[in-house]
Every structure is written in C-alpha cells, then in structure tokens.
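See structure below.
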Amino acid sequence: MAALALSAILLAGCSTAERVGNILGGGSSAQPGQQGYVRGFLGNVAAEDARAAMVARDILSAGGSAADAAVAAGFTLSVTLPSRAGLGGGGACLGYDPRRNEIEAFLFQPGAREAVPRGADRPAAVPLMARGLFALHARQGRLPFEATMAPAEQLARFGTEVSRGLATDLAAVSGPLLADPVSRAVFAPSGTPVSEGNRLVQNELATTLGQIRTAGVGDFHQGGLARRVEEASAAAGGFLTVGEMRAAVPQAVAPVQERLRNDMLAVLPASADSGATLAAFRAAGAGQTPPVMGGMLGASTSLVVQDREGGAVACTFTMNNLFGTGRMLPGMGFLLAPAPGVGSVQTPPLGAILVANTVVKTMRYAGAGSGQGAAPAAAGGPAGLHLLRNVPLEQAVPTGAPEPGRGVAISCQGSVTAAGCRAVADPRGFGLTAGND
C-alpha cells in the first residue's frame, strides 16, 4: 500500500512542505531551517565528495533530518560529481526514521527501456534521480523539499571548485566525453578540460534544478520539463519519451532484514544488490574475503548521514557508466545515463546497509559502497568486520572494501552523541566526514 500511495504522490507532482517545529537542541538565534539553528550534537556525514558532505552537514545544522541532508547531498552530487551521479541517473537508499521506527528501502535505479528507439545511437536510461530523492524526502524529510534543492542550484549557478575525484574521472574519459560539443562547453570551456581547483559553472543545470524546485518534480516527469527532456534527449541520441518519464516511479519497499543480536540489520533488496551486500557482511564476519561481482561497467558514488535524533540514511547513486552516455542534454545541463541491457551496459549492483535498534529507536550503523561490481562488498565488508569482529571503524572501512570498492560508514555503538559515534570515509578515495567539527 505504501508503494501505491507513494506512486500517486509522485505522479501528481506534489511537493512536501512539512515545516520544522520544535527540534531538540534548538534555541539559538537562528530560525528553523537556517544554518546554526541546532545547538550541540548535529549528527554525522560521510560522503565520497567533500562538498556534498558539507552541504549535508549544513542541512543538519539547520534542523533537517538525515533524509533532508541525504537529499540535499544527492542533488549536490549532480553538480559536483556528475561523472557518477546526476538527474539523468538514479540510485537506491536505505532510511531509518525514529518517528516511523522502521527501515525503508527506496529504489530508483536508472530505468531500462522496453525497446531501443529508432535513431537512438546512445539510448538513454529513464531518469529517476529527482523522483527517488523526492520519495525519500516525502517519507522521512522534515524541511521543505525546496530547501534541500537550493544548495545544489546555487553551486551550479555560482560555481564550485573541481574536486580531485571529478578531475580524476574526467581525465579517464576526456577524449570521448569532450567529443560531445555540449559536454565540452561545460567541462572544457576554454578548450582544455577543467582540472582540480578550477571553478566549474553550470548555468543550464542551475536553471533545470531551479525549475524542478519551483515547478515540482512532477513537471520533470510529465509536464513542460518532461517535454523538454524528450526533445533534448533526441538531439543527444537518447530518445526518451514523456510517456516513459511519466511511467517511471521509484519504489518504497521493505528491505531485506535479519536480526543482529538486539538490533535489526537491513540491506537493499536483491533487485538492487543481487544479494551481495549481505553475503559480503557474512563473509567478512567469518574472516573470509567478501565476494566481488565482476563484469560491471557502471560508475557510482555513495554517502551516509546520521541525525541527532537517531535517524540515518545510506545511499548509493549511479550513472550506469562513467559520465553516463557521455552526452549532455542541450539547454538542460545534465548527462544521460545509458540504458541497461543495451550493448555492453549492465545494471550496476548497488550497496547499502543499515542497522537500527527499534526498541530504543535509534540507528547503530549505516554504510554504503561504490566501485562497480565491488560496491556491495564495499558496503557489507566493513560492516561485517566492525560489527561481528570488533575491528575499529577506521580500519574496517578500507580493509573490508575490496578494490575497486570504496566505502563510507557511520557507527554508534554507544549513545547517539559526538562521543558515541564515529564516521569514516574511505581514505583511498576523495571523500570527507563532517559533523561537529
């Protein structure tokens, strides 16, 4: 019933506007929704992109829930790390909300096509990023949805420094990517690819994000914005249709769960991770090497967020390939993800794990992974080492995430406080942790 109700909300294009009320720890001169409103412990963030981590932290500081912060960070990734996340792609999240006292899975992978349209030399997956993040917010958010989109829009419009992660991805595929004149105008405006520390301005993406913010996510899937996507995707060789955009909705479903001592452990359904996250968790806990799935061409990134009230979200995002199809929608500023099942493109496995104690209503562990076929192992492996073998989190994340996997994790094995919780971003990557720092 929850999935049906959620579909109705999304198709209608409604916007959640649940306002911030009395938040524990408030009382500063800042107003609800303003950075600095929350005093004391904020929560924690670990993300594979530093700017996304800081945006999530700011949302927590403004009184947002873990879901609010994850949504804001997800949209930010579409600006700061478009090689691995974007409006043309999608992902999956696990969310624990103490108010509901349940763990939910949100599935919004870039969708397959029923058939390859005639003339589509780069057939695109059906985008689900915006609808997926809206679904997470609709179920577990607290701030107005528009407020969670604003940071990404501002970063796109006024510019953000190119991170080492984006520069590394760009260097890996700059040849084919910059063969697309629309992409070249964004990533090589002076004729040479932008490099680490350069300022990246994306005005067309900012306009698209602003239109979604003001007109609603529904407009992107069945209104004027959807018609623009249809027209622009034809020019980019992707050939999406308004009908396909309208029909594509995320799922809010029960995750795979099992009891872990006094806690409840949850992972994504097998449709997202092929059961590999739980297998990696068990293998690492038994002292074995977590299995890694092979043959995957997708590229992904991940983040985890914990709020001061014990809520948590673990997300992993993908473009199905590094920089998706390599073609950007003219006039709209975002790349398309390639349709899975066409040519060598496969649906990449995603990895997330979340542990909560539903008796005291608080999270215990949140982890997520990236790295093509190693993503589930990068989520489950560190969790198994830390929770079953008592390996310190700082050691468990890089040790338990096999190459080319990268993991992020937050653990609260004591009280949900600054002293009782730890956050780690894989030191082999380019991520960052943020909280009361």
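None of the figures in this text is laboratory data; all of them are computed from the coordinates on show. Computed from a predicted structure; not experimentally measured. All Cβ positions, glycine included, derive from the backbone under ideal geometry; neighbour counts span all protein chains shown.
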Between Ala270 and Leu388, what is the label-to-label distance in nm when each label sits 7 Å out along the Cα-to-Cβ direction? 1.9
Structure-derived Cα extents along the principal axes in Å: which label, when the choices are (1) 151, 50, 42; (2) 67, 61, 48; (3) 56, 51, 46: (3)
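How much length, in nm to one decimal, is gained on full extension between Glu231 and Arg164, taken as 0.36 nm per residue of separation minus their Cα-Cα distance?
That works out to 20.8 nm of additional length.
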How far apart, in nm, are the 7 Å Cα→Cβ label points at Thr417 and Asn436? 0.8
³J(HN,Hα) computed for each position of the stretch 299-313 - Karplus, 6.51 cos²θ - 1.76 cosθ + 1.60, integer Hz, glycine/proline x: 10, 8, 8, 8, 7, 9, 9, 10, 9, 5, 9, x, x, 7, 9
Amide N of the stretch 66-109 lying under 20 Å from the label point, which is placed 7 angstrom from the Cα of Arg428 along Cα→Cβ: 84
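Tally Lys/Arg at +1 and Asp/Glu at -1 over every other residue whose Cβ is under 12 Å from the Cβ of Leu170; what's the total? Mind dumping the intermediate values first?
Numbers: positive: Arg84, Arg164, Arg184; negative: Asp169, Glu196.
Net charge around Leu170: +1.
Please compute the contact order of the chain in relative form: average sequence separation of alpha-carbon pairs under 8 Å and at least six residues apart, divided by the residue count, as a percent. Intermediate results must be reported in sequence, preceding the final value.
Values: 1212 pairs, mean separation 96.1, N = 437.
Over the chain, the number comes to 22 percent.
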Inter-probe distance in nm under a simple model that places probes 7 Å from Cα toward Cβ, at Arg157 and Ser344: 4.1
Against the longest alpha carbon principal axis of the chain, how many degrees, from 0 to 90 and to the nearest 10, is the axis of helix 66-80 turned? 40
For the stretch 223-232, in residue order, the Karplus 3J(HN,Hα) values (coefficients 6.51, -1.76, 1.60; θ = phi - 60°; whole Hz; Gly and Pro = x) are x, x, 5, 4, 5, 5, 4, 4, 5, 5
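Using the count of nearby Cβ atoms within 10 Å as a rough guide to exposure, how do Leu388, Leu136, Leu322 rank from fewest to most?
Working: Leu388 16, Leu136 27, Leu322 19.
Least crowded to most crowded, the residues run Leu388, Leu322, Leu136.
Percent relative contact order of the stretch 369-413, based on C-alpha pairs within less than 8 angstrom and at least six residues apart? All intermediate terms of the calculation are to be shown ahead of the outcome.
Working: 76 pairs, mean separation 20.8, N = 45.
Relative contact order of the stretch 369-413: 46 percent.
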Residue separation between Asn203 and Thr399 times 0.36 nm, minus their alpha-carbon distance, gives in nm 66.5 nm
Give me the number: length gained by fully extending Lys361 to Val173, i.e. 0.36 nm times residue separation minus the C-alpha to C-alpha distance, one decimal in nm. 63.2 nm
Between the helical axis of 145-158 and the dominant principal axis of the chain, each derived from Cα atoms, what acute angle in degrees is found, rounded to the nearest 10? 60
Give me a comma-separated list of calculated 3J(HN,Hα) values for the stretch 326-331, in order, Karplus coefficients 6.51, -1.76, 1.60 applied at θ = phi - 60°, integers in Hz, x for any Gly or Pro. x, 10, 9, 5, x, x
Please build a GNM for the chain, connecting alpha carbons under 10 Å apart, and tell me which residue among Gly64, Gly384, Gly159 fluctuates the most. Gly159
With the chain treated as a Gaussian network of Cα nodes joined by springs under 10 Å, which of Asn101, Asn262, Asn198 yields the largest mean-square fluctuation? Asn262
